[in-house]
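The values are calculated or read from the model by the stated rules, or taken from the named source; none is laboratory data. Everything numeric in this text was worked out from a predicted model, so none of it was measured. Methodologically, a virtual Cβ is constructed for each residue, glycine included, from the backbone with ideal geometry; neighbour enumeration extends over all protein chains shown.
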Amino acid sequence: MQAIFGSLARRQLAQQVSTRYNGGALITLAHAHNDASSNPGAGRVSEDLLSRLKDKDLAQTLGYIGDEWTPASDGSTYPVMDPSTDEEIARVANLKGRDTNAAIAAAHAAFPSWSKRTAKDRGAILRKWYELVLAAQDDICTLMTFESGKPFKESQAEFVGGVASIEWFAEQGRRVEGDILQTVHGDRRQLVIKQPVGVCASITPWNFPFSMVTRKNAPALAAGCTIVHKPAEQTPLTALAMAKLAQRAGVPAGVYNVVSGDAAAIGNAMVQSDLVRKLGFTGSTRVGKMLMAGCADTVKRISMELGGNAPFIVFDDADVQSAAANVVASAFRNAGQTCICANRIFVQEPIAEEFEQAVVDNVRKLKLGGGMDPKTTLGPLIAPNAIERVKGHVDDALAQGGRVLIGGSSPPDLQAPYSKGYFFQPTVIADATPNMKIYREETFGPAMPVFRFKYDEEAVKLANDSEYGLAGYFFTTDLSRAWRVAEQLQYGMIGVNEVGITSEVAPFGGVKHSGLGREHGKYGMDEFLEIKYIQMGLGYSN
Ligand code: NAP
């Protein structure tokens, strides 16, 4: 297969940054563990970030292949930026297809012995990983906040949910069981066993730099698979720290590999390799579809966690104050950059004004700023082009009769060092209608449209009017309405009077263009297991 596509944005960023390097105007970068002057491919971490880490060895900047920390084969590196300041915080090895093939070979070589270990053995190593990660909580949250921009408190919340995935799968590996079938042939016995899929590739996005790593890689390890993981270009540091901790936990050489770098080259190597038997991807529907098409050539198993455009319905019998607090918590979490954020808010007419006022009151309490400032509750967007997308959706809504209740633009008054950050004010738009872009497309930013409706059927119809089908929410105190609407919504996950739906024990995933497969819980484990049917002849005739 030809290259899927190039990562133009990163190339432009890299050019921009190396120009600034040449001009000598960049912040001071520490030569952490690797002397960049003698080894140009070594990578570096900023003094500011490094000084905040208790365990400086967690600041890794190289790929991790077969137990070796490895620069890119062509020696290239790329910049990692702090989105709240637009300053470079690290340079990381920019691995390519050739490096990815080396990682796949290492994972393939390690598979026979790892898959033959008992689930109990693997669970003990996972448990050790869990304990080491738990002990490194502050450092991991600092890395996450620096590279993604999310407020430190949100990093802590992500940590709690993400580390629980490791603990859960450390235990769950021992519960993988087969079946002995009720035979219809007296001279034969039929049974089913479950075996690890093989080498698994995982590709994760920047919006959850930690929990996407644990929910993909922990079940793979528990099942007996080996891994080649590609983190997002914006957030490799958290993923590399996780590999460092896996190495310390005693995960054997080649079982866990990380390739940070050129998305198209790495993705192509993963999809083209016959040695890779499964690809797990979380990211945009656009890239997910390309990877699905690429995996067809080698008939790989795939799990796809793709985009969303979640409806949030408030019925006239709902607790309005609770609905308003919950919708703000969901819509503005991670600055609106989560796949299960409440995106389209439908409120029944009799309570619409009261609800909108309560929403605005909650939004007013949000505080924009840098993630390491403890007062901050809303961070920046991941990149400058994300601001353009949100602004485009807001402007389009206003041009079509929408009314800004609060926000509507980038903040005018942020002080240095945040004045160059990629911020947008939390925005609420009333009088929204289905012809607006914000109704149809995933905004992935802090802008929330409120639509009004009269009848239940109308709300369900509007909610289902999307190509996406990841998460949906509604608030009501009527039990029969709750059952009815939960069954009618075409979404993989439903929150009734609750927005915190993610849990290590519950299946996470979507329908329609939101993806295939499930993560977490016993369903998540099945994604890494092949079913094998064995028939035994007993050697005598009936
Ligand atoms: P993205 O552009 O699709 O990137 C996601 C990952 O795919 C990154 O690691 C990226 O690498 C990689 N990638 C990009 N092009 C690739 C290629 N040609 N081959 C292989 N890998 C490639 O998505 P995003 O914009 O960063 O993330 C936001 C999207 O993710 C949203 O649509 C959101 O809804 C979705 N999401 C879904 C879930 C879920 O569970 N359903 C959870 C979180 C996010 P680079 O970063 O190096 O380009």
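Take ASN257 and decide whether it is within 12 Å of the ligand (Cβ to nearest atom), of a type outside the set (A, V, I, L, M, F, W, C) and either under 24 Å from the mean Cα position of the chain (by Cα) or within 30 Å of LYS116 (Cβ to Cβ) (or both). Lay out the reasoning, then the answer.
Working: within 12 Å of the ligand (Cβ to nearest atom): no; of a type outside the set (A, V, I, L, M, F, W, C): yes; either under 24 Å from the mean Cα position of the chain (by Cα) or within 30 Å of LYS116 (Cβ to Cβ) (or both): yes.
No; evaluated as a whole, the condition is false for this residue.
For the condition touching a Cys at 6+ places or on another chain (Cβ under 6 Å) and at pLDDT 95 or above, what is the one hit in ILE302, ILE345?
Numbers: ILE345 fails: touching a Cys at 6+ places or on another chain (Cβ under 6 Å).
Criteria check complete, one pass: ILE302.
How many residues are surrounded by 19 or more Cβ atoms within 10 Å (Cβ to Cβ), over 23 Å from the mean Cα position of the chain (by Cα) and assigned to a loop (DSSP other than H, G, I, E, B) if we restrict to region 97-146?
0
For region 278-366, please list each of the helices (runs of 4 or more DSSP H) lying entirely inside it that holds at least 3 residues being among the small types (Gly, Ala, Ser).
Numbers: elements: 285-295, 320-331, 352-364.
The qualifying helices (runs of 4 or more DSSP H) are 285-295, 320-331.
Sort out which residues of region 478-513 are away from the ligand (no atom under 16 Å from the Cβ), surrounded by 16 or more Cβ atoms within 10 Å (Cβ to Cβ) and part of a loop (DSSP other than H, G, I, E, B), and write them in order of number.
Hit for region 478-513 is LEU489, nothing else.
From the list GLU467, GLU527, which residue is surrounded by 15 or more Cβ atoms within 10 Å (Cβ to Cβ) and touching a residue at least 24 places away in the same chain (Cβ under 8 Å)? Walk me through it before giving the result.
On the way: GLU467 fails: surrounded by 15 or more Cβ atoms within 10 Å (Cβ to Cβ).
Selected residue: GLU527, the only one of GLU467, GLU527 that is surrounded by 15 or more Cβ atoms within 10 Å (Cβ to Cβ) and touching a residue at least 24 places away in the same chain (Cβ under 8 Å).
Is one or more of the residues making up region 491-509 in the same structural domain as LYS367 (by TED's automatic domain parsing), in contact with an Asp or Glu (Cβ under 7 Å, 6 or more places away or on another chain) and farther than 26 Å from LYS289 by Cβ?
no
Can you confirm whether region 339-362 contains a residue that is within 16 Å of the ligand (Cβ to nearest atom) and at positive phi?
Residues of region 339-362 within 16 Å of the ligand (Cβ to nearest atom): 339-344.
The next check asks that each one be at positive phi; those that pass are none.
Checked region 339-362: no residue is within 16 Å of the ligand (Cβ to nearest atom) and at positive phi.
Test ALA241 against the stated conditions and say whether it is among the hydrophobic types (A, V, I, L, M, F, W, C), in contact with a helix residue (DSSP H, G or I) (Cβ under 7 Å, 6 or more places away or on another chain) and either assigned to a helix (DSSP H, G or I) or more than 16 Å from the ligand (Cβ to nearest atom) (or both).
Working: among the hydrophobic types (A, V, I, L, M, F, W, C): yes; in contact with a helix residue (DSSP H, G or I) (Cβ under 7 Å, 6 or more places away or on another chain): yes; either assigned to a helix (DSSP H, G or I) or more than 16 Å from the ligand (Cβ to nearest atom) (or both): yes.
Yes, satisfied.
Tell me which of these VAL327 doesn't satisfy, since it passes every other one: (1) crowded, with 23+ Cβ neighbours inside 10 Å; (2) among the β-branched types (Val, Ile, Thr); (3) within 30 Å of GLY407 (Cα to Cα); (4) within 11 Å of the ligand (Cβ to nearest atom).
(4)
List, please: which pairs have Cβ atoms under 8 Å, are six or more places apart or on different chains, and start with a residue in region 277-298 that is among the hydroxyl-bearing types (Ser, Thr, Tyr) and end with one that is near the ligand (Cβ under 8 Å from one of its atoms) and part of a helix (DSSP H, G or I)?
THR282/MET212; THR298/VAL271
Let's see how each residue does on (1) farther than 12 Å from PHE424 by Cα; (2) more than 22 Å from the chain's Cα centre (by Cα); (3) outside the structural domain of SER148 (by TED's automatic domain parsing):
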position	(1), (2), (3)
VAL314	yes, yes, yes
ASP319	yes, yes, yes
VAL328	yes, no, yes
ARG344	yes, no, yes
PRO350	yes, yes, yes
VAL363	yes, yes, yes
LEU368	no, yes, yes
PRO374	yes, yes, yes
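Residues to consider are PHE315, PHE332; find the one that is among the aromatic types (Phe, Trp, Tyr), within 16 Å of the ligand (Cβ to nearest atom) and on the phi < 0 side of the Ramachandran plot.
PHE332
For residues in region 183-212 being closer than 30 Å to ASP82 by Cβ and not in a loop (DSSP other than H, G, I, E, B), which is nearest to the ligand (Cβ to nearest atom)? Break it down into steps so the answer makes sense when it comes.
Keep residues of region 183-212 that are closer than 30 Å to ASP82 by Cβ, which gives 201-212.
In the following step, the residues that additionally are not in a loop (DSSP other than H, G, I, E, B) were identified as 201-203, 211-212.
Details: ALA201: 9, SER202: 10, ILE203: 5, SER211: 9, MET212: 7 Å.
Here the residue is ILE203.
Filtering region 419-434 down to residues that are of a type in the set (Ser, Thr, Tyr) and at pLDDT 95 or above, which residue is surrounded by the most Cβ atoms within 10 Å (Cβ to Cβ)?
First, the residues of region 419-434 that are of a type in the set (Ser, Thr, Tyr): 419, 422, 427, 433.
Among the residues that remain, those that are also at pLDDT 95 or above are: 422, 427, 433.
Values: TYR422: 24, THR427: 27, THR433: 14.
For region 419-434, the residue satisfying everything is THR427.
Checking the conditions here, which among VAL259, VAL251, VAL255 is buried (at least 23 other Cβ atoms within 10 Å of the Cβ), in contact with an Asp or Glu (Cβ under 7 Å, 6 or more places away or on another chain) and touching a residue at least 24 places away in the same chain (Cβ under 8 Å)?
Numbers: VAL251 fails: in contact with an Asp or Glu (Cβ under 7 Å, 6 or more places away or on another chain); VAL255 fails: in contact with an Asp or Glu (Cβ under 7 Å, 6 or more places away or on another chain).
Criteria check complete, one pass: VAL259.
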